[in-house]
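Asks: The structure follows.
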Amino acid sequence: MKNRDVSVVVPAYNGECFIKETLESISNQSCPPKEIIVVDDCSIDSTRTVVRDFGASQPYPVRLIALQRNSGGPANPMNIGIAAAESKYIAVLDHDDLYCTNHLESALIAMERHPDADLVCGNYIDIDSSGAELLGTASNDVYAYLNDLEQYDECGIMRCFGDGWLKEFFYAPGAQRSCSNHFFRKEAWDRIGGYRESARFASDYDFVLRIFGSGILWLQELQFKKRTHSSNTWRTSPDLEKQLSDLQCELTKQLGNPSMVQWNRDALKDRIRRMRWKSEYRISRELCLRLIRSGDPLSGCIEFSKSLLGDYFRLSR
């Protein structure tokens, strides 16, 4: 296929070890993009040099936007790159992840078959720093509902629409895994105000719930490979569970879906018990207070008492 009306935005920070392979996975697409836009978030390694060298050999533009101050998260670099994009469709790829060869073509076909949809995601698998696939990390193994073959049409497209699907994505912040799994219409990004910096390390999850409106198109074939290594920002972020809880509470208020009130309470209970199981009693108690404020004081007080008892027995050992 010819280059299509797609811009691929690559947010990058200290990506010299992986970004060349990432860019090659874009250039090797069965349907190449119109342009690649790399937004370097003030790297202190040779990321910018690698990008310039790669771009010099490509038949289409590889634009480098070099930020002068680190943003502290991926949302701002992504928004800057998307705002500069000249295409109807936007695809995002983190500087260390890899596209499967058919990704852009499959996403375009899905969008053209469903003109009312705004976002395409698809199945994925994790890889290690060397690129080896990690057993048991395929999305359709982790989330059984993604492996229901009867829900996919003849083109391998599943329409995730309605409260039932919104609930699935609300409960599972990691289901779509990464911004690398986002292919969307630029006008939809503009309509919802882009990625939110306040969502910090869960800006991908926040984006999916806010753009969900007409549902998500989910592709059955493997679309990208998520690289996991020691410097992933989500691995190094403290109090990640509390941040996710903050975000779920905020989304419950912002989106105004009545069902979300109960979903949020149930998610809080699960998170409280998980934190207590991990002996994270401080975070557990903070979440209990939030559960009380959400309108479920009985459950909040019961869970708070259990957390106090657990902390007491821990300290008295």
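Asks: Looking at the stretch 251-265 only, could you name the residues that are part of a helix (DSSP H, G or I) and touching a helix residue (DSSP H, G or I) at 6+ places or on another chain (Cβ under 8 Å)?
Replies: Result: Leu251, Thr252, Gln254, Leu255, Ser259, Met260, Val261, Trp263, Asn264, Arg265.
Asks: Within the stretch 167-187, which residues are crowded, with 19+ Cβ neighbours inside 10 Å and aliphatic (A, V, I, L, M)?
Replies: Within the stretch 167-187, Ala175 is the sole residue that qualifies.
Asks: So the check is Cβ under 7 Å with 6+ separation or different chains; which pairs have a first residue in the stretch 190-219 that's surrounded by fewer than 20 Cβ atoms within 10 Å (Cβ to Cβ) and a second one that's among the basic types (Lys, Arg) and in a helix (DSSP H, G or I)?
Replies: Here the result reads Ile192/Arg210, each pair linking the stretch 190-219 to a residue that is among the basic types (Lys, Arg) and in a helix (DSSP H, G or I).
Asks: Out of the residues in the stretch 132-161 that are modelled with pLDDT under 95 and small (Gly, Ala, Ser), state the one that is farthest from Thr101 (Cα to Cα).
Replies: The qualifying residue farthest from Thr101 (Cα to Cα) is Ala144.
Asks: While we're looking at this one, here's another question. With respect to Gly213, determine if the residue is in a loop (DSSP other than H, G, I, E, B) and within 30 Å of Asp311 (Cα to Cα).
Replies: no
Asks: While we're on this one: Kindly list, by first and then second residue, each pair from a residue in the stretch 299-317 that is in the same structural domain as Tyr281 (by TED's automatic domain parsing) and under 10 Å from Tyr281 (Cα atoms) to a residue that is among the polar types (S, T, N, Q) and assigned to a helix (DSSP H, G or I), limited to pairs with Cβ atoms under 9 Å and residues at least 6 apart or on different chains.
Replies: Phe304/Ser284; Lys306/Ser284; Ser307/Ser284; Gly310/Ser284; Asp311/Ser284
Asks: While we're looking at this one, here's another question. May I ask you to list the residues in the stretch 22-38 that are touching a residue at least 60 places away in the same chain (Cβ under 8 Å), under 22 Å from the mean Cα position of the chain (by Cα) and more than 23 Å from Ser129 (Cα to Cα)?
Replies: Result: Pro33, single match.
Asks: Right, here's the next one. Answer with yes or no whether Asp41 is of a type outside the set (Lys, Arg), closer than 30 Å to Glu154 by Cβ, within 23 Å of the chain's Cα centre (by Cα) and buried (at least 21 other Cβ atoms within 10 Å of the Cβ).
Replies: no
Asks: Now, a different point. Would you mind stating whether Ser130 is polar (S, T, N, Q) and either over 30 Å from Asp266 (Cα atoms) or buried (at least 17 other Cβ atoms within 10 Å of the Cβ) (or both)?
Replies: Judged against the criteria, Ser130 is a match.
Asks: Go through the stretch 74-172 and tell me which strands (runs of 3 or more DSSP E), entirely inside it, have 1 or more residues that are in contact with a Pro (Cβ under 8 Å, 6 or more places away or on another chain) and β-branched (Val, Ile, Thr).
Replies: Passing ranges, in order: 89-92.
Asks: Here is a follow-up. Does Asn123 fit the bill of being in contact with a helix residue (DSSP H, G or I) (Cβ under 9 Å, 6 or more places away or on another chain) and either modelled with pLDDT of 95 or more or surrounded by fewer than 21 Cβ atoms within 10 Å (Cβ to Cβ) (or both)?
Replies: It is true that Asn123 is in contact with a helix residue (DSSP H, G or I) (Cβ under 9 Å, 6 or more places away or on another chain) and either modelled with pLDDT of 95 or more or surrounded by fewer than 21 Cβ atoms within 10 Å (Cβ to Cβ) (or both).
Asks: Would you mind finding the one in Ile109, Ile19, Ile44 that is without any contact (Cβ under 8 Å) to a residue 60 or more places away in the chain and over 23 Å from Gly213 (Cβ atoms)?
Replies: Just a single option satisfies the conditions, and that option is Ile44.
Asks: Yes or no: Ala202 farther than 27 Å from Ser27 by Cα and in a helix (DSSP H, G or I)?
Replies: Spelling it out, Ala202 is indeed farther than 27 Å from Ser27 by Cα and in a helix (DSSP H, G or I).
Asks: I need the full set of residues from the stretch 173-199 which are over 19 Å from Asp116 (Cβ atoms) and outside any loop (DSSP other than H, G, I, E, B), in order please.
Replies: Cys179, Ser180, Asn181, Glu197, Ser198, Ala199
Asks: If only one of Glu35, Glu105, Glu86 is surrounded by fewer than 17 Cβ atoms within 10 Å (Cβ to Cβ) and farther than 21 Å from Ser139 by Cβ, which one is it?
Replies: After ruling out the rest, the residue left standing is Glu86.
Asks: Of the residues that sit in the stretch 47-73 and are in a helix (DSSP H, G or I) and without any contact (Cβ under 8 Å) to a residue 40 or more places away in the chain, which one is farthest from Leu108 (Cα to Cα)?
Replies: Among residues in the stretch 47-73 that are in a helix (DSSP H, G or I) and without any contact (Cβ under 8 Å) to a residue 40 or more places away in the chain, the one farthest from Leu108 (Cα to Cα) is Thr49.
The values are calculated or read from the model by the stated rules, or taken from the named source; none is laboratory data. This one's a predicted model, so the numbers in the text were calculated from it and none came from an experiment. Using ideal geometry, Cβ is built from the backbone for each residue, glycine included, and neighbour counts are taken over all protein chains shown.
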